[in-house]
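Below you'll find the structure, written out as structure tokens, and then a few comments.
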Amino acid sequence: MQRALQLAASPGVPLGPNPRVGCVLLDPDGTVVGEGFHHGAGTPHAEVEALAAAGERARGATAVVTLEPCNHTGRTGPCSQALIAAGVAKVVVAQRDPNPVAGGGLETLAEAGIEVEHGLLLDDARGLNRAWSFAHENGRPFVTWKFATTLDGRSAASDGSSRWVSSPAARRDTHVLRALCDTILVGTNTVEVDDPQLTVRDADGGLLELQPLRAVMGERDLPAGSRVLDDAAETVQLRTHDPVDALETLYRDHGRQHVFFEGGPKLAAAFLKAGVVDEVLVYVAPLLLGSGKSAVANLGLRSIDKALRLDLVDTLVLLPDSDDPDDSGINLRLTLRPTAPKEG
Ligand code: AOF
Ligand code: ZN
């Protein structure tokens, strides 16, 4: 399974809607007779690639796969049937397929008399496709909430000015992380006040070819001429104030798995209260304002014992780029996850 995981993580697979999957076929002596991995949506599945490599030697072999073989005809045929047709004797799987459309392959294989097993190195397999797994398990995308703050927790000065709290190096870093998500979400208010373009640009400011979906939530119409309405990327408007409703729509109607949430203080508070912030990414800049807009609006928590607690999982110091005269301050990037509620 270690080898199958390694194959699944092969470099060069483009980001897309499909999970990373690896497959190794072993003959009864334990000799590898075929290997394969999924190269992205629309290409053959890992099992099919491994079966093609093994040819006749697949008969009687054990297939070790990081994900349960699919049971559906999607962009390609069902892997469960391909394994049965090839005469495989046993199938060992790490993760069962949480995608309701594709799951159930293990039952089909067992009914055909093939020995099946699952759960081996499950955490590694899940971690490989974190957002994909989360989205199919929860019926909504994984949410990374990103914001920039001064040392005293402000996201704008009292006159409303907010360009810029974080350093150029921090803002470049944001573009790298945005590119790993399939959706950028803000509220109507952010579009009205900041008029952001919400695209992913490279270090020279050029637009990347593959852009995340831009999503704006709120009931009001967007101001004509807003930059999110340009043709640099696709934009959807979600006419709701309910975070759960917006996220479920993004999953159900748009197939979205990972939201980069850049909402302002009010919307951020609504997401936190609804319990739908799965990861927090915060850029801390060495500035003090003493007044101005708080990075998060009132959460309605009146005492310290009610504080929303997070676990720090990663830190990064963002040093200024010596070539860039504007890049002066050192920023800190913190990655946090909500603390899991205590058992019992
Ligand atoms: C497998 N092996 O290598 C992969 C699987 O649109 P399709 O036909 O490519 O189907 C995509 C779904 O199939 C994907 O969401 C996941 O449930 C499963 N992917 N299954 O047996 C593979 N990539
Ligand atoms: Zn498949």
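Quick notes
- 14 Å beta-carbon shell around V317, net charge (K/R +1, D/E -1): -3
- Three-way shape call for the chain based on the alpha-carbon gyration tensor, with the a/c threshold at 1.5: prolate
- Zone of L334's modelled label, taken as backbone nitrogen in the range 303-320 under 15 Å from a point 7 Å along Cα→Cβ: 307-318
- Close amide H partners of V93, meaning residues 5 or more places away or on another chain with modelled amide H under 5 Å apart, are V65, E117, H118, G119, L120.
- Estimated FRET transfer efficiency (L308, A85; beta-carbon r; R0 45 Å; 0.05): 0.30
- FRET efficiency, 1/(1 + (r/R0)^6) with R0 30 Å, evaluated for T31 and N138 via beta carbons: 0.15
- The residues of the range 262-344 expose on average 63 square angstrom of accessible surface per residue, using a 1.4 Å probe on protein heavy atoms.
- Within the accessible area of the range 139-338 (1.4 Å probe), percent carbon and sulfur: 51
- Net charge of Cβ neighbours under 12 Å - reference R337; Lys, Arg +1; Asp, Glu -1: -2
- Residues listed by number, the range 138-153, amide nitrogen under 20 Å from N298 label point at 7 Å toward C-beta: 153
- Sequence-distant residues sharing a close amide H with R154 (under 5 Å, placed H): A295
- Counting every alpha-carbon pair across the range 87-224, the share separated by more than 26 Å comes to 47%.
- Alpha-carbon Debye profile of the range 2-133, log10 I(q)/I(0) at 0.21, 0.22 Å⁻¹: -1.26, -1.40
The values are calculated or read from the model by the stated rules, or taken from the named source; none is laboratory data. Quick caveat: nothing in here was measured; it's all calculated off a predicted structure. Backbone-built Cβ (ideal geometry, glycine too); neighbour counts: all protein chains shown. Surface accessibility is based on the protein's heavy atoms, side chains included, excluding ligands, DNA and RNA. Shrake-Rupley method; radii C 1.70, N 1.55, O 1.52, S 1.80 Å.
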